[in-house]
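Single-structure report; data block below.
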Amino acid sequence: MNIIVTEADTDFRTQLKAAFELDGHAVLEASDGEEALALIRTKKPHLIVTEINLPDMTGDQLFKQVKQLGQDYGVIPFIFLSANTTESHTVDRMNGGADGVFEKPIDLALLRAHANACLLNSRRHADLIESKLEEFSSLLRKNDNGKFDPLAPLSDNIDQYLNNIRASIDELVNDGNGNTTQTPPASSLRDSVLQPLAYIRFCLDQLTRRRSMVSALNSEALTWWLIFTVAESQYAKKPLFVSDLYFSTPSAKTTINSRMNQLIEKGVLTKRSHPSDGRRQQLIMTDHFKTKFAAHIEDSINVLLKELP
């Protein structure tokens with residue numbers, strides 16, 4: 001995650017940078033409010049940490065100007081640091097939308113934990129929005145020109161994804177032939193649905209439906225859920241960290257770890273350190289199993305193709 005630290009004291013700013021980097025975050029430094037605003041506009045960080053008493057403005061003024069940049073910036077978590085603050089000022093800042101206020105001298109371990117909690121909460125909200133967008137986009141019929149595939153994985157640029165949805169809706173609404181309710185031809189259905197990633201997500205959806213019927217994943221279902229979840233991340237080219245699994249299923253953390261370790265021992269899955277964050281473990285399929293899994297997907301899709309008209 002990208003964090004912008006605004007602090008006039010060079011030595012303390014260096015300490016803050018080193019502390020956040022321990023958790024694998026990328027830290028951008030600013031010595032005053034104007035420098036911070038320039039970085040915020042261009043980099044759009046995941047978290048902003050600022051001293052309240054800056055050389056050219058107060059941290060409160062910086063906070064207000066960031067909110068005025070627009071909604072995309074207004075949701076960025078914002079933590080204040082101060083050498084001299086009162087309880088009433090802290091309460092006012094928290095009620096005003098701040099995500100934390102720390103008084104100096106600061107316990108860096110506690111600040112790191114609080115920052116990670118803010119970032120994790122933002123990640124959960126982003127994932128929720130992404131899932132809702134995917135749910136919504138799946139309701140859109142694929143237009144004949146094939147310009148928008150509702151089953152394609154989201155890109156990192158959510159704004160671009162929304163633009164694609166708007167463009168697709170516009171084409172449907174403005175269809176002069178009134179064909180918005182027609183069912184796509186079989187060839188279009190084959191192209192848009194029977195792809196490996198779409199099939200994997202279909203299987204995950206079926207596992208979710210089974211879970212809703214039995215209230216929890218049984219042993220077999222949890223095993224396949226782990227395999228297909230890892231497969232989805234690899235086919236979508238989106239890293240999956242071990243910690244991500246704990247928020248994705250009602251199963252206990254110990255149960256997930258036990259099943260994951262069994263699959264690792266059997267040579268199905270493996271863990272590796274992520275290149276950009278060596279402290280986090282990424283879960284992937286082994287090369288041997290990935291080959292077998294790809295063959296399984298291909299065979300399954302061929303069976304489904306026979307069922308289509």
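Since every read-out is calculated from the coordinates, none of them should be taken as a lab result. From a predicted model like this one, the values you see are computed outputs, not experimental measurements. Here the Cβ is made from the backbone with ideal geometry for all residues, glycine too, and neighbour counts use every protein chain on show.
A few points about this structure:
- By the count of neighbouring beta-carbon atoms within 10 Å, fewest first, Lys17, Lys44 end up ordered Lys44, Lys17.
- Size of charge dipole - the range 2-123 - debye, nearest 20, with Cβ of Lys, Arg +1 and Asp, Glu -1, no other charges: 480
- Approximate spin-label separation Gln61-Met94, in nm, with each point projected 7 Å along Cα-to-Cβ: 2.7
- Given charges at Cβ of Lys, Arg, Asp, Glu: the range 1-102 dipole, positive-most of Asn53, Gln71, Ile40: Gln71
- Counting beta carbons within 10 Å around each of His25, His288 and listing the fewest first gives the order His288, His25.
- A straight chain from Glu220 to Lys43 at 0.36 nm per residue would run longer than the Cα-Cα distance by 59.3 nm.
- Pairs spanning more than 19 Å between alpha-carbon atoms, out of Lys44/Lys237; Lys17/Lys104; Lys238/Lys290: Lys44/Lys237.
- The range 49-95: C-alpha gyration tensor shape, a/c 1.5 cut-off, then a/b vs b/c: oblate
- For Arg280, residues with placed amide H under 5 Å, excluding near neighbours: His274
- R0 of 45 Å, Cβ-Cβ distance Ala83-Val242: FRET efficiency to nearest 0.05: 0.70
- Spin-label model distance (nm) - Ser273 vs Gln15, 7 Å beyond Cα toward Cβ: 2.7
- Cα centre as origin, Lys/Arg/Asp/Glu Cβ charges: the range 2-62 dipole, Debye: 340
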